[in-house]
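Undergrad: Before anything else, here's the structure in question.
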Amino acid sequence: GGTGTITRVARAGDFEVTIKHPPIEPDKEIAARVFVTRFETNEPVEKAKITLLFTSGGAPVEATAEAANTPGMYEVKLPPMPQGDYKLAARVEGGGGTQTVEYGAIKVAPAPPAQAENSSSWARTALIALASLVGLGIAGFLLYRVAQYARRNRSEGETATA
């Protein structure tokens, strides 16, 4: 794993609900974070009850988020789910009402094999190394020219005073 965090943002009435999670792999429990703020003021919403709903044909898989120490932040464990395409929604109860936000389709799929990841990061590393060498080459050349120019000026100066 270790391939970054996915961030999904949606608005429900007065709330803006952001979900951050790693890629969801089949049959693994995954920790996610949910941030709830007021859409107008960006104020964190505390003491809300948040339920994430994953629907794939049958009854939705539900995961309830627990308030974390940070205001407006909730932590949730996504239950292990079989591979497939799901629709993700979040139900937010708080502030005197219940709102549901739809996030659309999400995939539960195995992580790509590490090999593919390594070859792309190798290519990226090679590219960075090449760019650094080119940059160093230009810097070196410029320093060389400046030194040459300074030396020429100094020797011209000496001949003038002699």
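Each value in this text was obtained by applying a stated rule to the coordinates, not by laboratory testing. Note that this is a predicted model, so its numbers are computed, not measured. Using ideal geometry, Cβ is built from the backbone for each residue, glycine included, and neighbour counts are taken over all protein chains shown.
Undergrad: Using only Cα atoms, find the angle between the long axis of helix 114-161 and the longest principal axis of the chain, and express it within 0 to 90 degrees, rounded to the nearest 10.
TA: Approximately 30 degrees, to the nearest ten.
Undergrad: Right, here's the next one. What does the charge count near Ala68 come to, summing +1 for each Lys or Arg and -1 for each Asp or Glu among other residues with Cβ under 15 Å from its Cβ?
TA: +2
Undergrad: Could you work out the relative contact order of the chain, using alpha carbon pairs under 8 angstrom and six or more residues apart, expressed as a whole percent?
TA: Normalised by residue count, the contact order of the chain is 18 percent.
Undergrad: Let me ask another. Given the chain, report the % of alpha carbon pairs whose separation exceeds 24 Å.
TA: 55
Undergrad: Going by average Cβ neighbours within 10 Å, how do the peptides 34-40, 79-85 rank, with the highest at the top?
TA: 34-40, 79-85
Undergrad: Please report the Cα spread of region 42-131 along all three principal axes, rounded to whole Å, starting with the longest.
TA: Here the spans come out as 58, 35, 20 Å, largest first.
Undergrad: In addition: Going by average Cβ density within 10 Å per residue, which order do the peptides 135-141, 10-16 take, highest to lowest?
TA: Descending packing order for the listed peptides: 10-16, 135-141.
Undergrad: Kindly provide the Kirkwood hydrodynamic radius of region 1-74 in Å, to one decimal, from all pairs of distinct alpha carbon atoms.
TA: 13.4
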